[in-house]
1. Which pairs do you get when a residue that is without any contact (Cβ under 8 Å) to a residue 60 or more places away in the chain and charged (D, E, K, R), found in the range 23-48, comes within reach of a residue that is open to solvent by less than 50 Å² (accessible area, probe 1.4 Å) and assigned to a helix (DSSP H, G or I), reach meaning Cβ atoms under 7 angstrom, with the pair 6+ apart or on two chains?
2. Are any residues in the range 9-32 farther than 22 Å from Gly140 by Cβ and of a type outside the set (Asp, Glu), and if so, which ones?
3. Just to be sure, is Pro116 open to solvent by less than 60 Å² (accessible area, probe 1.4 Å), at pLDDT 90 or above and assigned to a loop (DSSP other than H, G, I, E, B)?
4. Is it true that some residue in the range 71-92 is under 25 Å from Thr133 (Cα atoms), out of contact with any strand residue (DSSP E or B) (no Cβ under 9 Å at 6 or more places or on another chain) and without any contact (Cβ under 8 Å) to a residue 40 or more places away in the chain?
5. Go through the range 18-55 and give me each residue that's more than 19 Å from Gln5 (Cβ to Cβ) and surrounded by 15 or more Cβ atoms within 10 Å (Cβ to Cβ).
6. Examine the range 92-106 for a residue that is of a type in the set (Lys, Arg), open to solvent by 80 Å² or more (accessible area, probe 1.4 Å), out of contact with any Pro (no Cβ under 6 Å at 6 or more places or on another chain) and within 17 Å of Pro70 (Cβ to Cβ), and state whether such a residue exists.
7. Please give the number of the condition Arg142 fails out of (1) out of contact with any His (no Cβ under 8 Å at 6 or more places or on another chain); (2) within 14 Å of Pro70 (Cβ to Cβ); (3) open to solvent by 20 Å² or more (accessible area, probe 1.4 Å); (4) at pLDDT 90 or above.
Amino acid sequence: MTDYQFDLLARLLGIPSPARAAARAVLIDGAETVAAAQLQGCAAAELTQAMADILAAEVDIRGAFVLHGPNEFRVTVGHHDTHRMPGAVTLAAGQEVRLVAHSTERWIPVRVLSVPAQAGGYYEGVIVEQLVTASRFQFGDRVRFGEDQVMTPDSAARPGVPARLHRRFQGRRPGHGDQ
């Protein structure tokens with residue numbers, strides 16, 4: 001969270017000045033909660049509540065305004081795959097899945113919020129954890145994705161990577177070319 005985002009959220013929530021200053025010290029500057037509360041002269045419970053309100057509002061606002069579309073995620077299964085055919089997995093609301101981002105080629109944990117009304121539609125979810133620093137995919141962002149973009153335990157071993165590498169890259173795999 002940036003200074004501007006913090007100030008905006010604190011102002012919208014109407015957090016009193018002492019709790020606002022203490023929350024800024026903790027969330028932005030990395031100060032200890034008890035020390036920040038004592039320094040600003042507010043109760044620890046008031047500071048804890050203010051921080052919880054700010055963090056919850058950030059996630060709610062981010063989820064309402066940031067939506068990553070299906071074109072930002074890698075398709076991990078196709079009709080040529082033998083380990084899983086498209087349409088073979090049915091997801092339920094509340095289930096946690098993984099998507100692979102095109103920009104980072106890293107997986108992103110997502111909780112399914114809603115399922116499509118018809119076959120072949122898009123699922124909607126929310127990112128539950130950010131694993132890559134400086135990624136545009138943040139905790140609380142909403143995502144839209146298809147079933148063929150979901151990584152399952154059987155597809156985790158080969159998330160869209162062909163089984164045979166070009167001979168130029170074969171020497172870079174562990175166990176090859178180490179002579």
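1. Arg24/Phe6; Glu46/Ala19
2. Those that are farther than 22 Å from Gly140 by Cβ and of a type outside the set (Asp, Glu): Pro16, Ser17, Pro18, Ala19, Ala21, Ala22, Ala25, Ala31.
3. When the stated conditions are applied, Pro116 passes them.
4. yes
5. Pro18, Thr33, Ala37, Gln40, Cys42, Glu46, Thr48
6. No, the conditions are met nowhere in the range 92-106.
7. Going through (1) out of contact with any His (no Cβ under 8 Å at 6 or more places or on another chain); (2) within 14 Å of Pro70 (Cβ to Cβ); (3) open to solvent by 20 Å² or more (accessible area, probe 1.4 Å); (4) at pLDDT 90 or above one by one, Arg142 breaks only (1).
The values are calculated or read from the model by the stated rules, or taken from the named source; none is laboratory data. A quick note: this is a predicted structure, and the numbers were derived from the prediction, not measured. Neighbour counts are summed over all protein chains in view; Cβ atoms, including those assigned to glycine, are modelled from backbone coordinates with ideal geometry. These accessible areas exclude ligands, DNA and RNA; they are computed on the full protein's heavy atoms, side chains included. Shrake-Rupley method; radii C 1.70, N 1.55, O 1.52, S 1.80 Å.
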